[in-house]
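This report refers to the structure that appears directly beneath it.
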Amino acid sequence: DAVQEIDGDAWRLTVVTASGAREVFYEELASGHDRVRALLDCTGGWFSKQDWEGVRLDRLIPEPGDARSVLVRSVTGYSRRLPVRDLPNLLLAVRLGGRPLPPGHGFPARLVAPGRRGFWWVKWVSRIETSAAPWWVQSPFPLT
């Protein structure tokens, strides 16, 4: 996808669970102090180990109930579905190397999925929702 230029003050993350929907503001995510050092392995042939900061998904969705997966969607419409058991290992990053994410890395928020190829790392996240569908109900890789 083309780099998205998003106004952080106007941006909202929608989190949907069986309990309902709520909006999360950038300031709430920016106050998160979860950190992970993870290798971003891009399918384009490059890789980089970086320090990412933000909020773990298990903090945004502390009680997933009977959900089997979590769908993470970009403002571009791109999405990936991951196992709900991975919530503690997934980070919604707002900082890279101690600085706010640049637009090319997904500002205002990007999914960091350690141990997964780069196409799982959704940029410009706008919506996260739990689902009863299993995580594998999707193409194994992005289709264009």
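Annotations for the structure displayed:
- Residue-normalised accessible area of region 1-106, given per residue in Å² at a 1.4 Å probe: 55
- When peptides 63-76, 40-53 are ranked by their average number of other Cβ atoms within 10 Å per residue, the highest-first order is 63-76, 40-53.
- Annotation: amide H of residue 126 within the under-5 Å range of 73, 74, 75, sequence separation 5 or more or interchain, hydrogens built in the peptide plane.
- Per-peptide average of other Cβ atoms within 10 Å, ordering 109-118, 129-138 highest first: 109-118, 129-138
- Think of each Lys and Arg Cβ as +1 and each Asp and Glu Cβ as -1; about the Cα centre, that makes the dipole of the chain roughly 440 debye.
- Unit charges at the beta carbon, dipole of region 1-56: most positive-side option, 11, 47, 29: 47
- Taking a ≥ b ≥ c as the square roots of the eigenvalues of the Cα gyration tensor, an a/c ratio below 1.5 marks the chain as rounded.
The values are calculated or read from the model by the stated rules, or taken from the named source; none is laboratory data. Here the structure is a predicted model, which means the values were calculated and not measured. When we count neighbours, we look across all protein chains shown, and the Cβ atoms used for this are built from the backbone with ideal geometry, even at glycine. Only protein heavy atoms, including side chains, enter the accessible area calculation; ligands, DNA and RNA are left aside. Shrake-Rupley method; radii C 1.70, N 1.55, O 1.52, S 1.80 Å.
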